[in-house]
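Please read the structure below before turning to the comments.
The values are calculated or read from the model by the stated rules, or taken from the named source; none is laboratory data. These figures come from a predicted structure and were not determined experimentally. Glycine also receives a Cβ, built like all others from the backbone with ideal geometry; neighbour counts cover every protein chain displayed. These area figures cover heavy atoms from the full protein model, side chains too; ligands, DNA and RNA do not enter into them. Shrake-Rupley method; radii C 1.70, N 1.55, O 1.52, S 1.80 Å.
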Amino acid sequence: MPVLPGAEPYRHEGGEVGVLLCHGFTGSPQSLRPWAEYLAERGLTVSLPLLPGHGTRWQDMQLTGWQDWYAEVDRELRVLRERCSQIFVFGLSMGGALTLRLAAKHGDAISGIVVVTPANKVHGLSASALPVARHFVQTTKGLTSDIAKEGSEEVGYERVPLHSAHSLRKFFRLVDGELPQVTQPMVLLHSPQDHVVPPADSARILSRVSSTDVSEILLEQSYHVATLDHDAERIFEESYAFIGRLAPSVGKKGSTTGG
């Protein structure tokens with residue numbers, strides 16, 4: 001099945017500091033591509049994988065679950081570890097939950113994390129009906145392109161497969177239980193005008209992680225897909241400054257450049 005235009009995975013071979021970026025549920029690498037390219041232009045090694053079942057058609061996603069999505073980013077992290085001396089993990093929405101689980105599981109192998117509009121729970125009355133409803137109804141309305149910036153579109157699915165949503169719900173519960181194992185420095189950026197993930201998710205994450213070096217940043221000009229919205233440049237700059245603080249070689253001339 002061909003990949004949707006713009007949804008292709010992205011990789012850049014840079015210096016010894018690497019960044020793994022995790023996209024969101026029913027989305028694609030397109031939502032994080034400008035962020036990945038911003039980091040690559042500054043000499044970092046960057047990996048932005050396409051999660052299984054994403055970036056093609058929703059029917060392909062129906063056959064996948066959280067174990068598949070997590071296995072993909074876990075594998076990419078291990079590849080980065082082979083060639084980088086320091087690694088950071090960034091994520092958007094469900095990609096934030098993937099980021100948090102990687103942090104909980106890999107400990108000191110990850111130097112820091114940045115999560116943007118991170119999701120922690122499937123909300124609404126329909127969430128509790130998912131275990132049964134998924135056997136009778138295949139899909140529900142899509143979640144993509146919650147963006148304030150005119151003309152900015154997210155490449156993703158217009159329908160949400162309920163089997164996948166059920167798996168996502170189980171994944172969020174799993175990650176919520178693992179949040180106390182997250183100890184790395186963290187930047188959490190979220191929007192008060194997010195129509196997909198409520199502020200309660202960010203508050204829950206902030207209250208449960210064990211990290212002591214934590215920054216919370218409000219993205220006042222954006223909706224959910226803030227990496228393609230008015231605050232995108234701020235996200236890029238804040239994340240790069242965060243790396244520079246924890247990986248002092250970054251930003252010094254000639255220190256992070258490589259192939």
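What's the FRET efficiency of Asp68 with Glu233 using the Cβ-Cβ distance as r and R₀ = 30 Å, to the nearest 0.05?
Numbers: r = 33 Å, r/R0 = 1.09.
Approximately 0.35, to the nearest 0.05.
If each DSSP helix of 4+ residues adds -39,500 (n - 2.57) and the sum is divided by the residues in the chain, what number results at 222 nm, nearest 500 deg cm²/dmol? Walk me through the intermediate numbers first.
On the way: 8 runs with 90 residues, N = 259.
Counting only the DSSP helices, I get -10500 deg cm²/dmol.
Return one number: the angle in degrees, 0 to 90 and rounded to the nearest 10, between the long axis of the Cα atoms of helix 66-83 and the longest principal axis of the Cα atoms of the chain.
Helix 66-83 and the main axis of the chain meet at about 10 degrees.
Would you please give the residues with an amide H less than 5 Å from that of Gly112, counting only those at least 5 places away or on a separate chain, with H modeled from the backbone geometry?
Distant-sequence amide H within range of Gly112: Val89.
Give the angle, between 0 and 90 degrees and rounded to the nearest 10, that separates the Cα long axis of helix 162-178 from the longest principal axis of the Cα atoms of the chain.
50
Leaving ligands, DNA and RNA out of it, rank Leu188, Leu4 by accessible area with a 1.4 Å probe, largest first.
Values: Leu188 0, Leu4 50 Å².
Final ranking, largest accessible area leading: Leu4, Leu188.
Going by average Cβ neighbours within 10 Å, how do the peptides 109-115, 53-59, 37-43 rank, with the highest at the top?
Numbers: 109-115: 23.3, 53-59: 20.3, 37-43: 18.6.
Descending mean neighbour count gives 109-115, 53-59, 37-43.
If you count only protein heavy atoms and use a 1.4 Å probe, how large is the accessible surface of Ser85, to the nearest 10 Å²?
Accessible area, nearest 10 Å²: 80 Å².
Excluding ligands, DNA and RNA, what is the solvent-accessible area per residue of segment 4-110 at a probe of 1.4 Å, expressed in Å²? Intermediate results must be reported in sequence, preceding the final value.
Details: 3530 Å² over 107 residues.
Value for segment 4-110: 33 Å² per residue.
As a test question: what accessible area, to the nearest 10 Å², does Arg83 have when a 1.4 Å probe is rolled over all protein chains in place?
90
Indicate the gyration tensor shape class of segment 36-91 (rounded, prolate or oblate), computed on the Cα atoms with a ≥ b ≥ c the square roots of the eigenvalues: a/c under 1.5 is rounded; otherwise a/b larger than b/c is prolate and the rest oblate.
On the way: a/c = 3.58, a/b = 1.83, b/c = 1.95.
In terms of gyration-tensor shape, oblate.
Given the C-alpha centroids of segment 224-248 and segment 17-80, what is the distance between them in whole angstrom?
So the separation of the two Cα centres works out to 17 Å.
Probe radius 1.4 Å, ligands and nucleic acids ignored: give me the carbon and sulfur share of the accessible area of segment 49-204 as a rounded percent. Don't skip to the end; give the middle numbers.
Details: 3320 of 6570 Å².
Of all accessible area on segment 49-204, carbon and sulfur atoms account for 50 percent.
As a test of reading the structure, rank Phe90, Phe25 by solvent-accessible area (1.4 Å probe, protein chains only), most first. The partial results should precede the final answer.
On the way: Phe90 0, Phe25 20 Å².
The residues order as Phe25, Phe90, largest area first.
By how many degrees, 0 to 90 and rounded to 10, does the Cα axis of helix 199-208 deviate from the longest principal axis of the chain?
Helix 199-208 sits roughly 60 degrees off the main axis of the chain.
Taking the Cβ-Cβ separation of Ser152 and Arg245 as r and a Förster radius of 35 Å, what is the calculated FRET efficiency to the nearest 0.05?
So the FRET efficiency works out to roughly 0.75.
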